[in-house]
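In what follows, a single structure is set out as structure tokens and then discussed.
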Amino acid sequence: MTEANMIPVEVAYALPDKQEIVMLEVLPGTTARDAVMQSNIQRHFPGLQLEGTKLGIFGKAVKDEEVLHAGDRVEIYRPLIADPKDNRKKRAAEAKQRRAEQAGE
């Protein structure tokens, strides 16, 4: 294939204090996981283990085998530290407790 047949894609990864987007050109038929591996994004994040990471395209989770289209941005997701549902329940319980304490004053 010639360079004219290549499609532009991006691979993105972010930490709370650092983000990186690697732009690259890949062959048609390249999968999300293939693009991540070709991007060599781990050179910007020492210790980043790419095996088994969840991937997405523009905020929508995709399987590793998702075939990319021109302009796609593959996002590498970090594992969740805490369950968002549990956090919401905890905040609601704390707010309820505060309201009860304020009503009793």
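The values are calculated or read from the model by the stated rules, or taken from the named source; none is laboratory data. Keep in mind it's a predicted model, so treat the numbers as computed, not measured. Here the Cβ positions follow ideal geometry from the backbone for every residue, glycine too, while neighbour counts run over all protein chains shown. Ligands, DNA and RNA are stripped out before the accessible areas are found, and what is left, the full protein with its side chains, is counted by its heavy atoms. Shrake-Rupley method; radii C 1.70, N 1.55, O 1.52, S 1.80 Å.
Go through 72, 34 and list them by solvent-accessible area, largest first, probe radius 1.4 Å.
34, 72
Note that the stretch 14-73 carries a Kirkwood radius of 12.3 Å, evaluated over its alpha carbons pair by pair. Taking the Cβ-Cβ separation of residue 70 and residue 43 as r and a Förster radius of 22 Å, what is the calculated FRET efficiency to the nearest 0.05? E(calc), rounded to 0.05, equals 0.35. Size of the stretch 64-105: Rg and Dmax of its alpha carbons, in Å, are 20.5, 62. Between amide H atoms placed 1.01 Å from N, distances below 5 Å from residue 26 occur with 7, 9, all of them 5 or more places distant or on a separate chain. Shape summary of the stretch 1-47, radius of gyration then Dmax from alpha carbon positions: 12.0, 39 Å. Evaluating 6.51 cos²θ - 1.76 cosθ + 1.60 at θ = phi - 60° for every residue in the stretch 18-24, the Karplus couplings come out as 7, 10, 8, 10, 9, 8, 8 Hz, glycine and proline recorded as x. Near the amide H of residue 57, within less than 5 Å, lie the amide hydrogens of 62, 75, all on another chain or at least 5 residues away, with H placed in the peptide plane.
Per residue, the solvent-accessible area of the chain (1.4 Å probe, heavy atoms of protein chains only, all protein chains present) comes to 72 Å². With the gyration tensor restricted to C-alpha atoms of the chain, the semi-axes of the equivalent ellipsoid amount to 41, 14, 11 Å, longest first. When the chain is treated as a GNM with alpha-carbon contacts under 10 Å, the residue of 14, 32, 93 showing the greatest mean-square fluctuation is 93.
Of the accessible area of the stretch 1-52, computed with a 1.4 Å probe over protein heavy atoms only, carbon and sulfur atoms account for 54 percent.
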